[in-house]
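Inspection log for the structure reproduced underneath, given as structure tokens.
The values are calculated or read from the model by the stated rules, or taken from the named source; none is laboratory data. It should be emphasised that the depicted structure is a prediction, and the values quoted were computed from it without experimental measurement. Every residue, glycine among them, receives a Cβ derived from its backbone with ideal geometry; neighbour counts consider all protein chains shown. The area values use the complete protein model at the heavy-atom level, side chains included, leaving out ligands, DNA and RNA. Shrake-Rupley method; radii C 1.70, N 1.55, O 1.52, S 1.80 Å.
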Amino acid sequence: MRQLFTRRAVRLRNAAVAVTVLASTALGAALLPGAAQAADTPLRDLAAAKGVYVGNAVAGGKLSGTPAYAAIAGAQFNSLTPENAMKWGSVESTRGSLNWAEADQIVAFAQAHNQQVRGHTLVWHSQNPNWLTNGGFSATELNTILQQHIAAEAGRYAGKIYAWDVLNELFNEDGTYRTSVWYPALGTGFIANSLNWARQADPAAKLYINDYNVEGIGAKSDALYNLVKSLKAQGAPIDGVGLQAHFILGQVPSTLQANIQRFADLGVDVAITELDIRMQTPSTDAKLTQQAADYTTVVKACLAVSRCKGITGWDISDADSWVPSVFSGYGAATLYDEGYQPKPAYRAVATALGGSTTSPSPTATASPSPTATATPTTTATPTATATPTGGTGGCSATYSVPNQWNTGFSGNVVVACAAGSSLSNWKVSWDFGAGQQLTQAWNATCTQTGTRVTCTNAAWNGTVGSGGSTSFGFNANWSGSNPVPAVTLG
Ligand code: 9MR
């Protein structure tokens, strides 16, 4: 998939795109602070065009209770990681009493927004229930308890999880194994056992080992490297290594890319799983500029290694971040400020993913309305955005021209379903009536025969759930005029 579509000159600078996309969510969030600022190509579309995903950690309560948070989570990211909802202490605080409510909510949100889910985490030393930590169990009992937990949780979400952080934070800083409820009671055998149990429960999920302070080359990452090497040699099902990447301003390890590469060379995927870059507060322009450069370094390191699959940020905004409560005097670690406005780091990530760095075109005519219902027209001027809608049942396709230049333009089509309607695959068609010629497309397979353009869903975005939406984009040539066509969804 990497570089399946090379995005050449996609410069979506007009607020109309974001308005249209957000209008198709149940949130109708066009005027929310973060959403209104995110007028450019969403990070998720930029990442997809580069063959990687971009994700974030989320909490169920904020998805339902904080509209700006939910709007950003849905619009900007194509991967979500439950920040706490899938941890053992969250799902089974009382032995035998399983509570999947928040985890289910996040998975449902992800499915409705065409997002993948990184499961986090099955085996950890922390956030375990008291009954487990203080239960005084024998090694045999612990082994059985662990097996049952993995079977239950990975089994519940089988087929819905892109990757599981099966094991989290196994090592001390010096590369020795961390003492936990699992080690040394179960020796190191629980590691391969856990991977095998996860594979049995969910054969489709990629199985990861995740840790922090393993981003650069050093004693701790060497230990992880040697573990992965030995698991591969044993034939244990290890698919990937997660580098959490909780960084301090100006301290991204210089060996990050080389380290990603050496894991990839072992034959496993790599992901940046919990990226944030904290600074001493208050922030200043200089610190935010440094932070933007640091985020750029991380994105570029991942893009440089083909087995680096994606980047997940840890918390949507500075208001949501775990950092200030743990590192006194530090904060401002995420892409959005406490008012859900994108920071320089957001722009840096977009740029590193291939997004535009230029200012919005003065001729662009975005006209967001509070209800985000653009007026349909079929005779838009080249720089206007119109939204003729073709629908089937409660689902519709909305075509817009977010950017246009002398000889070419970028188009965007949103396929959205109202509550109660859904699609399992989709096809959108239209006629280019003025000689326009398609040159490339992303997030859909598009062909043009004569004037007729037909686009069908990519393998991963055919399902549009109740109240959900997806979008695809294309570039085309034009001359003379560029009327907006009527589109058909069918
Ligand atoms: O962000 C999480 C925070 O809300 C929890 O209180 C904390 C408890 O340990 O876990 C945080 O997430 C951690 C993640 O699960 C594993 N790597 C470190 C993360 C930050 O502490």
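Below are the figures for this structure:
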| read-out | value |
| --- | --- |
| Region 108-133 - residue that is aliphatic (A, V, I, L, M) and within 26 Å of S471 (Cα to Cα) and, of those, farthest from the ligand (Cβ to nearest atom) | A112 |
| Listing of helices (runs of 4 or more DSSP H) fully contained in region 185-269 that carry 2 or more residues being farther than 23 Å from Y162 by Cα, within 16 Å of the ligand (Cβ to nearest atom) and open to solvent by less than 20 Å² (accessible area, probe 1.4 Å) | 219-234 |
| Any hit, region 145-161, residues being part of a strand (DSSP E or B) and closer than 30 Å to L43 by Cα | no |
| So V428, is it under 16 Å from T470 (Cα atoms), of a type in the set (A, V, I, L, M), in contact (Cβ under 8 Å) with a residue 12 or more places away in the chain and not in a loop (DSSP other than H, G, I, E, B) | yes |
| Any chance L249 is touching a helix residue (DSSP H, G or I) at 6+ places or on another chain (Cβ under 6 Å), aliphatic (A, V, I, L, M) and at pLDDT 95 or above | yes |
| Cross-chain or 6+ apart pairs with Cβ under 8 Å, region 243-263 first and more than 17 Å from Y225 (Cα to Cα) and in contact (Cβ under 8 Å) with a residue 40 or more places away in the chain, then more than 16 Å from the ligand (Cβ to nearest atom) and of a type in the set (K, R) | L249/K287 |
| Some residue of region 329-346 being of a type outside the set (V, I, T), open to solvent by 20 Å² or more (accessible area, probe 1.4 Å) and under 25 Å from I209 (Cβ atoms) | no |
| Unique match (being in contact with a strand residue (DSSP E or B) (Cβ under 9 Å, 6 or more places away or on another chain) and of a type in the set (G, A, S)) among A112, A185 | A112 |
| Checking A36 against (1) within 29 Å of A348 (Cβ to Cβ); (2) modelled with pLDDT of 95 or more, the condition it does not meet | (2) |
| Some residue of region 105-119 being open to solvent by 50 Å² or more (accessible area, probe 1.4 Å) and over 30 Å from W426 (Cα atoms) | no |
| Selection count where residues are away from the ligand (no atom under 16 Å from the Cβ) and within 10 Å of the chain's Cα centre (by Cα), scope region 49-59 | 3 |
| Unique match (being more than 16 Å from the ligand (Cβ to nearest atom), surrounded by fewer than 18 Cβ atoms within 10 Å (Cβ to Cβ) and of a type in the set (F, W, Y)) among Y177, Y157 | Y177 |
| Helices (runs of 4 or more DSSP H) wholly inside region 284-358 containing at least 2 residues that are more than 16 Å from the ligand (Cβ to nearest atom), under 18 Å from Q251 (Cβ atoms) and touching a residue at least 12 places away in the same chain (Cβ under 8 Å) | 285-303, 344-352 |
